[in-house]
Amino acid sequence: MTDDISVSADYSDRHADRRAKAHRAWRSAETIKGLSDRLIGLGPFGLGLDGVLSWVPGVGPLYSVGAGALLVFNAISAGASLSTVARMLAYVLADTATDAVPFAGSVVDMLFPGHLMAAKALQKDIEARHGLPDDIALERSKKKRGLFRKKGG
């Protein structure tokens with residue numbers, strides 16, 4: 001009987017560890033998408049380090065690969081599905097490849113939010129498997145409740 005409890009506790013601990021690791025990856029993705037593609041929001045467009053650094057020879061691709069590699073590392077450590085990781089790689093590779101074209105590549109890089117798209121794919125995968133991080137879920141529920149309150153009462 002005690003063995004059953006021990007096995008159950010071990011499973012629960014492993015699940016909690018995986019969930020915590022996934023939520024750390026979710027937060028990391030949030031930071032990367034903000035830094036890379038949304039430091040300054042302009043309606044549906046944004047500007048971040050990825051777009052700005054694309055104008056600096058050598059530095060743009062280095063940043064793009066580094067941020068993309070961090071996103072993919074987080075996806076793998078969070079246990080994201082193979083299709084999510086593949087989609088993330090495609091977004092990051094497309095974003096990084098634009099840096100190879102002089103001038104026009106930098107313009108495209110500024111407009112194509114590859115890191116943001118990869119980060120959102122990872123976050124969606126994590127949310128489907130583990131739910132939102134508790135603090136984010138609480139924040140979103142507060143915002144949602146605020147939207148449905150009647151004015152003046």
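The values are calculated or read from the model by the stated rules, or taken from the named source; none is laboratory data. Since we're looking at a predicted model, the values are computed, not measured. Here Cβ is always computed from backbone atoms with ideal geometry, including for glycine, and neighbour counts include all displayed protein chains.
Okay, here's what the table says:
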quantity	calculated
Within region 93-108, tally of residues that are outside any loop (DSSP other than H, G, I, E, B) and either surrounded by fewer than 21 Cβ atoms within 10 Å (Cβ to Cβ) or within 12 Å of the chain's Cα centre (by Cα) (or both)	9
Exclusive hit being outside any helix (DSSP H, G or I), touching a Leu at 6+ places or on another chain (Cβ under 9 Å) and among the aliphatic types (A, V, I, L, M), set A80, A67	A80
Residues that are surrounded by 15 or more Cβ atoms within 10 Å (Cβ to Cβ), part of a loop (DSSP other than H, G, I, E, B) and under 16 Å from the mean Cα position of the chain (by Cα), drawn from region 17-57	R38, G48
Of the criteria (1) buried (at least 19 other Cβ atoms within 10 Å of the Cβ); (2) under 26 Å from A16 (Cα atoms), which one R129 fails	(1)
Selection from region 109-126 of residues that are farther than 25 Å from A78 by Cβ and buried (at least 18 other Cβ atoms within 10 Å of the Cβ)	D109, M110
Test set (1) over 15 Å from the mean Cα position of the chain (by Cα); (2) modelled with pLDDT of 95 or more; (3) closer than 14 Å to M110 by Cα - L82 fails condition number	(3)
